[in-house]
């Protein structure tokens, strides 16, 4: 499973993977694997990302197209 919405939000906000990784306190390579769906994203990280971008976790997961 890839997480297009997570990648798109990052790019739409002109953020580098390293910036978001620093916010999440993970390595850039780990964050990249999250975006690519190579490793599972822990729920704590999903919640932090949702708060960071002001969207719902369901939006991050691609379960809805409504950001809120």
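Tabulated data for the structure shown
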quantity: Computed over the chain: relative contact order in percent, which uses C-alpha pairs under 8 Å that are six or more apart; calculated: 34
quantity: With Cα atoms, 0 to 90° folded angle of helix 43-53 axis to the chain main axis; calculated: 70
quantity: Dimensionless Rg/Rh of region 4-60 - Kirkwood Rh, Rg from C-alpha atoms; calculated: 0.90
quantity: Helical mean residue ellipticity (222 nm; -39500 (n - 2.57) per DSSP H run of 4+; nearest 500) of the chain; calculated: -16500 deg cm²/dmol
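Bear in mind these aren't lab numbers, they're just calculated from the coordinates by the rules spelled out. Remember, predicted model here, so these are calculated numbers, not experimental data.
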